[in-house]
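Before any comments, here is the structure.
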Amino acid sequence: MDFEFTEEEKMFRESLRDLLQKEFTPIVDEMDRKGPLTREEAIDMMQKFKKIGIGIDPEGSRELIGNPMIFAIFAEEVGGVWPSLLPLFGMGAIPAMFVPVASDAVKSRLMPKLESGEFIGCFAETEPEAGCDTSNLKTTAVLDGDHYIINGSKTWISNATIADTAFVAAIDSSTGKETFFIVEKEISPWETNELHKIGWRASPTGEMFFEDCRVPKENEMGAIMAEAFKLGPKMKEVLPVSDGFMKLLSTMSPVTALLTTPRAGMGLASVGIAQAALDASINYARERKQFGKPIGKFQLIQEMLYEMSVLTETARLLGYKAIDSIVKGDPDARRLSSMAKVYGGEAAVKVTYNAIQIHGGMGLSDEMPLERYFRDARIMTIPDGTSEMMKLITGYTLLGKGFSAYT
Ligand SMILES: Cc1cc2nc3c(=O)[nH]c(=O)nc-3n(C[C@H](O)[C@H](O)[C@H](O)COP(=O)(O)OP(=O)(O)OC[C@H]3O[C@@H](n4cnc5c(N)ncnc54)[C@H](O)[C@@H]3O)c2cc1C
């Protein structure tokens, strides 16, 4: 496997680093402390990324979502500066990527918002009684004339409180099966409630309540998505997908294939956090003096740095190996991306723990970003599939049919 980025990927990483350093590093600590971004702030943040061609509009998402290696670099670099921004793109892209294949009515309402950068999306699957077990959804959609009536509640939804468009999973009462709806707040309003959490403080997370929410029939996306996934090579003309993704479709379901990139991306975002914590610790170990010498001269500090470094490097190798398998359309992408997510998330927790230890009291102070790295790292093992579920997927992919521990 070749770990060298192409010239184009290197240039992207440089311009991204430059953007992050100029626009985000100076504001991250103060803004993260303030809490969830408002809708206006989130739009402003997303528009800054447009300068380097990244977004969730059709053009920007072709670059970001349709190119797993660019997504990986984005996840690692943004993870290293401000992980709270990632759900604006990762989750926001889910409704956005399907707008081009939606009905003409949906396109005419949403395309202008996407193109002007005024679109904030969310993906609403998790429910109070359906966390890991997404087969237990209680939200229902009942067809009534030319509308569906949606009833139910969702929880832990990224961007819920600021989104204008939600991609909502519900059980179609006529089939008893799960399907998805593009729900536009302007014409099909829902209620929300902010949830407060240990890390990713600037990322709004909330509950969503759908009470007799009337959604135009043409916003039902299950059948439309199934058609789009059957398009073969033409799929790339309408959806921001890679050649590797299209190869994956021959060995796994579209949803399983779609989940590989964000899971590997979460692993690499964790690497970004871990690297930031390691870099800060190396600087501190050189400068901070106790007993008349820099603490970096103490062997116990060096052992911590060794552990942090080996965890970070291993998580990075696994993350990019998973991404490489997605680029190639290798069926092993499911196992590798699951392992990258667990390993990366858990590595970031250990690395940021040690980083605080190396900084002593200063590590616990909010005058330095160490405590934020630790809080942000702690989030990484839950969304997009908990560590336990990722381990069970790994077990199943190793053992084969008949060995699923949860179905
Ligand atoms: C910050 C954040 C952002 C999120 N964003 C979104 C979003 O945008 N959209 C969305 O739909 N959801 C989102 N989620 C929800 C997330 O996907 C769920 O929290 C996750 O799937 C776990 O569900 P749960 O919290 O209900 O835990 P539970 O399912 O109740 O699990 C509790 C514990 O039991 C373990 N467990 C459960 N089943 C098994 C099993 N079979 N074997 C072994 N262990 C098991 C879990 O791993 C966990 O440790 C987000 C969550 C967070 C924290």
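No lab work stands behind these numbers, since they all come straight from the coordinates. In this text the structure is predicted, and so the values were computed from the model without any measurement. Because the Cβ atoms are built from the backbone with ideal geometry, glycine has one as well, and the counts that use them run over all protein chains shown.
A dipole drawn for region 1-102 from +1 and -1 charges on Cβ atoms has a positive end, and of Leu19, Gly35, Gly80 the residue lying farthest that way is Gly35.
From most to least packed by mean Cβ count within 10 Å, the peptides 55-66, 262-273, 170-181 give 262-273, 55-66, 170-181. Highest average first, the peptides 294-300, 98-104 ordered by how many other beta carbon atoms sit within 10 Å of their residues are 98-104, 294-300.
What does the charge count near Ala315 come to, summing +1 for each Lys or Arg and -1 for each Asp or Glu among other residues with Cβ under 12 Å from its Cβ?
+1
Taking only the C-alpha atoms, wrap a convex hull around region 287-407 and report its volume per residue in Å³ as a whole number.
Hull volume normalised by residue count: 125 Å³.
Can you list the lysines whose alpha carbon sits under 17 Å from that of Lys138, skipping same-chain ones fewer than 8 residues off? Reachable lysines: Lys154, Lys177.
The residues neighbouring Met221, those whose beta-carbon lies less than 12 Å from its own, together hold a net charge of -4 under the Lys/Arg +1, Asp/Glu -1 convention. Within the same chain, lysines fewer than 8 places from Lys297 are excluded, and of the rest, those with a Cα less than 19 Å from its Cα are Lys289.
Which order do peptides 83-92, 336-345 fall in by mean Cβ count within 10 Å, highest first?
Values: 83-92: 26.0, 336-345: 28.6.
Most protected by this proxy first, the peptides run 336-345, 83-92.
Past 29 Å, Cα to Cα: identify those pairs from Lys48/Lys391; Lys50/Lys341; Lys247/Lys350; Lys197/Lys230, in the order given. Walk me through the intermediate numbers first.
Working: Lys48/Lys391 37 Å; Lys50/Lys341 27 Å; Lys247/Lys350 36 Å; Lys197/Lys230 40 Å.
In this structure, Lys48/Lys391; Lys247/Lys350; Lys197/Lys230 exceed 29 Å between Cα atoms.
Taking the Cα centre of the chain as origin, work out the dipole magnitude from +1 charges on Lys and Arg Cβ and -1 charges on Asp and Glu Cβ, in debye rounded to 20. It works out to roughly 1100 debye. Relative to the dominant Cα principal axis of the chain, helix 299-328 is inclined by about 30°.
Report, in cubic angstrom per residue, the convex hull volume of the C-alpha atoms of region 7-97. Show your work: numbers first, answer last.
Details: hull volume 7.8 nm³, N = 91.
That works out to 86 Å³ per residue.
Within the set of other residues whose C-beta is less than 13 Å from the C-beta of Ser61, count the net charge using Lys and Arg as +1 and Asp and Glu as -1. Local charge sum for Ser61: -1.
A P(r) calculated from all alpha carbon pairs of the chain, with 20 Å bins opening at zero, reads 27, 58, 14, 1 percent.
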